[in-house]
Amino acid sequence: MKIVAAQLAKNLKSMPLPSVIWLSGDEPLLVIEANDLIRAQAKRAGIAGRILIDVDASFDGSELIAANQSLSLFGDRELIELRLHAKFNDKGRKALMEYISQPNPDNLLVIVSSRLESAQTKAKWFLQVVAAGWWLPIWPIEHNQLAGWIRTRMQQAGLQPDPDAVTLLVDRVDGNLLAAKQEIDKLQLLTGDGQISAEMILNSVSDSSRYTVFDLSSAFLAGDLTRTLKIMHGLAGEGTEAPIVLWLISRELRLVIELCEAQVRNQPVQEVFKRLRIFEQRQNDYQLAMRRAPVNHYQRCLIACSKIDAMIKGQTKGDPWTLISEMLVAISTPQLPAYQL
């Protein structure tokens with residue numbers, strides 16, 4: 001069955017361990033912590049051993065079958081952990097189905113992977129895995145959820161942060177939950193009474209922000225100019241190439257334009273989101289962009305992207321990042337006269 005992250009601890013306490021648990025997600029800290037909960041419960045259930053198998057493109061499943069069969073000869077209960085670095089090939093899927101069809105009741109199979117594509121989660125073989133055990137998809141903490149997540153984690157650690165301290169810590173560790181955890185652990189050692197002020201954050205917490213181009217997308221669609229420019233400079237400093245950022249901007253502009261035009265034609269917005277394959281977690285960002293400016297503004301922005309493309313290709317002189325930053329201002333804050341389209 002499919003469960004959400006918030007259900008894991010409760011299910012582990014109230015239900016017997018299934019034969020297989022699949023953890024999928026792109027947020028390392030949350031995946032690690034979920035896996036730790038499973039291991040702790042397995043140990044309480046008498047599953048003391050653990051064997052780790054890395055799955056790459058050449059994985060044929062023989063290690064999985066051999067581990068399951070050979071370990072059972074000794075009567076020991078084992079946790080078999082598959083870490084997926086590639087998708088299962090045909091032989092790997094066949095071995096997994098063999099395991100699922102005849103699971104060893106003494107063992108627990110834990111599969112750890114990155115986020116799964118929608119097509120994979122609908123495959124017949126994957127649905128058989130879900131039916132045989134638990135699937136826990138782990139989603140990243142969105143930017144608008146991060147302050148609440150950090151406040152809760154700090155309180156669980158016995159800390160009492162003031163609002164400015166939380167805001168500042170969010171800014172310092174945005175997009176990097178592992179860094180957030182490390183900083184909270186460090187703050188525990190720096191305070192005697194648990195009170196955390198913004199000054200303490202300034203003095204003790206380094207800037208560990210880590211972003212992807214999709215963080216940039218969320219920021220400029222939502223109209224958060226300060227965060228947009230911070231992420232852009234972070235990406236440029238990390239070596240992200242300008243053509244990738246331009247591709248992202250152009251793609252998002254096309255989607256916003258299509259949504260705006262559908263709205264003018266009185267088409268149900270949820271149907272359009274579904275047709276464009278825009279997930280629920282991102283729909284609010286697009287709606288904010290649609291309300292912020294008329295469709296012709298975004299059409300002019302898209303046309304102006306050709307200037308950035310020409311500069312990237314060396315057809316005109318200049319720094320493309322300057323034009324990219326001006327474009328992001330135009331999208332995030334249309335009322336500012338900083339960028340004349």
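Could you run through segment 35-56 and say how many residues are assigned to a helix (DSSP H, G or I), surrounded by fewer than 17 Cβ atoms within 10 Å (Cβ to Cβ) and of a type in the set (G, A, S)?
Looking only at that region, the number is 1.
Would segment 156-174 turn up any residue that is among the small types (G, A, S), farther than 30 Å from L109 by Cβ and crowded, with 20+ Cβ neighbours inside 10 Å?
yes
Looking at A147, is it free of Cβ contacts under 8 Å to residues at least 12 places away in the same chain and more than 29 Å from G46 (Cα to Cα)?
no
Quick check: is even one residue across segment 235-247 surrounded by fewer than 18 Cβ atoms within 10 Å (Cβ to Cβ) and closer than 14 Å to D174 by Cα?
Within segment 235-247, not a single residue is surrounded by fewer than 18 Cβ atoms within 10 Å (Cβ to Cβ) and closer than 14 Å to D174 by Cα.
Out of all the residues in segment 100-117, which are touching a residue at least 24 places away in the same chain (Cβ under 8 Å) and within 27 Å of E27 (Cβ to Cβ)?
The answer is I100, L108, L109, V110, I111, V112, S113, S114, R115, L116.
Taking segment 130-185, which residues are over 14 Å from the mean Cα position of the chain (by Cα), in a helix (DSSP H, G or I) and of a type in the set (S, T, N, Q)?
Listed by number, the residues that qualify are T152, Q155, Q156, T167, Q182.
Does segment 98-112 hold any residues that are open to solvent by 10 Å² or more (accessible area, probe 1.4 Å) and closer than 30 Å to F279 by Cα, and which are they?
Once the filter is applied, which keeps residues that are open to solvent by 10 Å² or more (accessible area, probe 1.4 Å) and closer than 30 Å to F279 by Cα, segment 98-112 yields only V112.
Residue by residue through segment 224-266, note down the ones that are polar (S, T, N, Q) and touching a residue at least 60 places away in the same chain (Cβ under 8 Å).
Listed by number, the list holds a single entry, T228.
Across segment 249-268, which residue is farthest from D309 (Cα to Cα) among those that are buried (at least 16 other Cβ atoms within 10 Å of the Cβ) and of a type in the set (A, V, I, L, M, F, W, C)?
A262
Pull out all pairs, ordered by first then second residue, where Cβ-Cβ is under 6 Å, the residues are six or more apart or on different chains, the first lies in segment 62-88 and is surrounded by fewer than 16 Cβ atoms within 10 Å (Cβ to Cβ), and the second is part of a loop (DSSP other than H, G, I, E, B) and modelled with pLDDT of 85 or more.
As it stands, the answer is H85/D56; A86/D56; A86/A57, since those pairs meet every condition given.
Could you list all residues from segment 285-341 that are at positive phi and in contact (Cβ under 8 Å) with a residue 60 or more places away in the chain?
Result: no residue meets the conditions.
Confirm whether F126 is closer than 15 Å to V20 by Cα and in contact with a helix residue (DSSP H, G or I) (Cβ under 7 Å, 6 or more places away or on another chain).
yes
Pick from segment 188-215 the residues that are without any contact (Cβ under 8 Å) to a residue 60 or more places away in the chain, closer than 22 Å to T228 by Cβ and in a helix (DSSP H, G or I): which of them is most open to solvent (accessible area, probe 1.4 Å)?
It comes out as F214.
Hey, among the residues in segment 8-29 that are at pLDDT 95 or above and under 30 Å from Y211 (Cα atoms), which one's surrounded by the fewest Cβ atoms within 10 Å (Cβ to Cβ)?
S24
Of the conditions (1) open to solvent by 50 Å² or more (accessible area, probe 1.4 Å); (2) acidic (D, E); (3) more than 30 Å from L108 (Cβ to Cβ), D185 fails just one. Which one is it?
(3)
Can you tell me how many residues within segment 120-129 are aromatic (F, W, Y) and either open to solvent by 30 Å² or more (accessible area, probe 1.4 Å) or part of a loop (DSSP other than H, G, I, E, B) (or both)?
Residues that pass the stated criteria total 1.
Which one of the conditions (1) more than 24 Å from G234 (Cβ to Cβ); (2) open to solvent by 50 Å² or more (accessible area, probe 1.4 Å); (3) at pLDDT 90 or above does K307 fail to meet, given that it meets all the rest?
Answer for K307: the failing condition is (1).
Just one of (1) in contact with a helix residue (DSSP H, G or I) (Cβ under 6 Å, 6 or more places away or on another chain); (2) at pLDDT below 90 trips up A147, so point out which.
(2)
The values are calculated or read from the model by the stated rules, or taken from the named source; none is laboratory data. Fair warning: this is a prediction, and the values are worked out from it, not measured in the lab. Positions of Cβ are backbone-derived with ideal geometry, glycine not excepted, and every protein chain shown enters the neighbour counts. Ligands, DNA and RNA are excluded from the accessible area calculation, which covers all protein heavy atoms including side chains. Shrake-Rupley method; radii C 1.70, N 1.55, O 1.52, S 1.80 Å.
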